[in-house]
1. Out of the residues in the range 146-167 that are under 19 Å from Val91 (Cα atoms) and crowded, with 21+ Cβ neighbours inside 10 Å, state the one that is farthest from the chain's Cα centre (by Cα).
2. Could you go through the range 148-170 and let me know if any residue there is farther than 28 Å from Tyr74 by Cβ, among the acidic types (Asp, Glu) and out of contact with any helix residue (DSSP H, G or I) (no Cβ under 7 Å at 6 or more places or on another chain).
3. Looking only at residues in the range 174-185 that are within 21 Å of the chain's Cα centre (by Cα) and polar (S, T, N, Q), which one is surrounded by the fewest Cβ atoms within 10 Å (Cβ to Cβ)?
4. Condition first: assigned to a helix (DSSP H, G or I) and within 16 Å of the ligand (Cβ to nearest atom). Now tell me which residues in the range 139-154 satisfy that.
5. If you scan the range 194-207, which residues turn out to be away from the ligand (no atom under 16 Å from the Cβ) and either without any contact (Cβ under 8 Å) to a residue 24 or more places away in the chain or in a strand (DSSP E or B) (or both)?
6. Which condition breaks for Leu231 when tested against (1) within 16 Å of the ligand (Cβ to nearest atom); (2) touching a residue at least 12 places away in the same chain (Cβ under 8 Å)?
7. What are the residue pairs meeting all of these: first residue in the range 70-99, first residue closer than 20 Å to Lys159 by Cβ, second residue charged (D, E, K, R) and outside any helix (DSSP H, G or I), Cβ atoms under 8 Å, and 6 or more apart or on different chains?
Amino acid sequence: MIPPPSSFLFQFLLLFPLILSHSDSDSGHPVLPRPLIVEYPEFDAVLRCGAWRVAGEANNLGAWAIIPEECAEYVKDYMSGKGYALDLEMVSKEAEEYARTVPLGYDGKDAWVFDIDETLLSNLPYYAAHGYGLEVFDHEKFNDWVEKGVATAIEPSLKLYEDVLNLGFKVILLTGRNERHRSVTVDNLINAGFKDWDQLILRTSDDQGKPAVLYKSEKRGEMEKDGYRILGNSGDQWSDLLGSSISVRSFKLPNPVYYIP
Ligand SMILES: [Mg+2]
């Protein structure tokens, strides 16, 4: 609990004579008495968790399975408050600006790659029910959620999606979801407002067990072999964006809830 400002003032007035009377015996400099050094561990946690989140977004963290325990409230507040929404808008706006200015070939080979989960579709209700990353990822439970097909559009991404289509890009969806979820994924995407994609690539049995960064690099390599120029790539994981056959520009959407290598 943060004391009201009047309490600070009261404490200061109470201790003011002590400040004046206290001095370092060696230097003669006044020494602040201990009670004036007020520490708020919860503020420190917010700063530490902010530093942790930025380190994650900048790809400076090693692999992690769950969020730091002390950051549970911080991540929940960020995801359910304005911070996440504003960060998503910022990424979409910058990507759109780039999409409008990058020279296109207009030969049907200008490609923009989108990841799906936490890029086009939001699974926030699922993660809200599972501690916003505080629980170890459970594939079975998550698949049950996917099969409901009720994920909503990430609105700034839907806007970018429509903008790049209108500009003449071919949209390729590249997801870590399993091929067996194709039908529910297509229905979910359409219900959320996404349409007219060129390809939807899901993991087949050949792709099982591959790290996402390898699987997605291989798929981008195939796009290049098919003559596509990958000019833009949007994903919430660095493994959506790094590896080989990297896009001319990559746009990292925020996601402090989970990490996929
Ligand atoms: Mg994703």
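1. Val164
2. Among the residues of the range 148-170, at least one is farther than 28 Å from Tyr74 by Cβ, among the acidic types (Asp, Glu) and out of contact with any helix residue (DSSP H, G or I) (no Cβ under 7 Å at 6 or more places or on another chain), which makes the answer yes.
3. Taking the range 174-185 and keeping what is within 21 Å of the chain's Cα centre (by Cα), we get 174-177, 185.
Among the residues that remain, those that are also polar (S, T, N, Q) are: 175, 185.
On the way: Thr175: 26, Thr185: 24.
Top of the filtered list is Thr185.
4. Those that are assigned to a helix (DSSP H, G or I) and within 16 Å of the ligand (Cβ to nearest atom): His139, Phe142, Asn143, Trp145, Val146.
5. The answer is Lys195, Gln199, Asp206.
6. Every listed condition holds for Leu231 apart from (1).
7. Val91/Lys252; Ala95/Arg249; Tyr98/Arg249
Residue by residue, here is whether (1) hydrophobic (A, V, I, L, M, F, W, C); (2) surrounded by fewer than 18 Cβ atoms within 10 Å (Cβ to Cβ); (3) within 16 Å of the ligand (Cβ to nearest atom) holds:
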position	(1), (2), (3)
Phe169	yes, no, no
Ile172	yes, no, yes
Ala192	yes, no, yes
Glu218	no, yes, no
Asp226	no, yes, no
Asp240	no, no, yes
Ser247	no, no, yes
Phe251	yes, no, yes
Tyr258	no, no, yes
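Every number in this text was worked out from the coordinates using simple rules, so none of it is lab data. Computed from a prediction, not measured in an experiment: that's the story for all the values here. Note that each Cβ is placed from the backbone with ideal geometry, even for glycine, and that neighbours are counted across all protein chains shown.
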